[in-house]
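K.L.:
Below is the structure I would like to discuss, written out as structure tokens.
The values are calculated or read from the model by the stated rules, or taken from the named source; none is laboratory data. In this text, all values refer to a predicted model and were calculated from it rather than measured experimentally. Glycine also receives a Cβ, built like all others from the backbone with ideal geometry; neighbour counts cover every protein chain displayed. SASA here: full protein model, heavy atoms, side chains in, ligands and nucleic acids out. Shrake-Rupley method; radii C 1.70, N 1.55, O 1.52, S 1.80 Å.
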Amino acid sequence: MNPADAIQKKRLTTMFAIDVVCFVLAGAAVIGYVAAGIGWLAPVFIGAIAVGLGAQIWFILGWMKAAKRDGEGKAS
């Protein structure tokens with residue numbers, strides 16, 4: 001495994017961990033907001049969704065950057 005693949009594997013694992021935490025947090029927040037009527041949990045829900053989506057975008061941008069670097073090396 002080359003170093004770029006190792007970095008992407010670590011990035012993927014980190015993204016999955018962030019997404020799992022955000023998923024659990026968003027689920028708890030929406031249940032608390034709807035079932036218990038706790039109003040301040042609505043922004044927590046939105047924030048958890050935004051952070052989870054941000055983690056996925058971070059992974060994809062890193063993947064694109066690695067693919068671009070890989071493509072430049074093969075062209076020469």
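K.L.:
Before we move on, is residue 30 β-branched (Val, Ile, Thr) and over 30 Å from residue 67 (Cβ atoms)?
P.N.:
Criteria met by residue 30.
K.L.:
Go through region 34-50 residue by residue and tally those that are under 18 Å from the mean Cα position of the chain (by Cα) and either buried (at least 17 other Cβ atoms within 10 Å of the Cβ) or under 19 Å from residue 8 (Cα atoms) (or both).
P.N.:
3
K.L.:
A further question follows. Only residues in region 6-33 that are open to solvent by less than 90 Å² (accessible area, probe 1.4 Å) count as the first member; pair them with residues that are of a type in the set (Phe, Trp, Tyr) and assigned to a helix (DSSP H, G or I), Cβ under 6 angstrom, at least 6 apart or cross-chain, and list the lot.
P.N.:
If the second residue must be of a type in the set (Phe, Trp, Tyr) and assigned to a helix (DSSP H, G or I), the pairs left are 11/59; 15/59; 26/45; 29/45; 30/45.
K.L.:
Still on this model: What number of residues in region 58-76 are closer than 20 Å to residue 21 by Cα and open to solvent by 90 Å² or more (accessible area, probe 1.4 Å)?
P.N.:
Residues in region 58-76 being closer than 20 Å to residue 21 by Cα and open to solvent by 90 Å² or more (accessible area, probe 1.4 Å): 1 in total.
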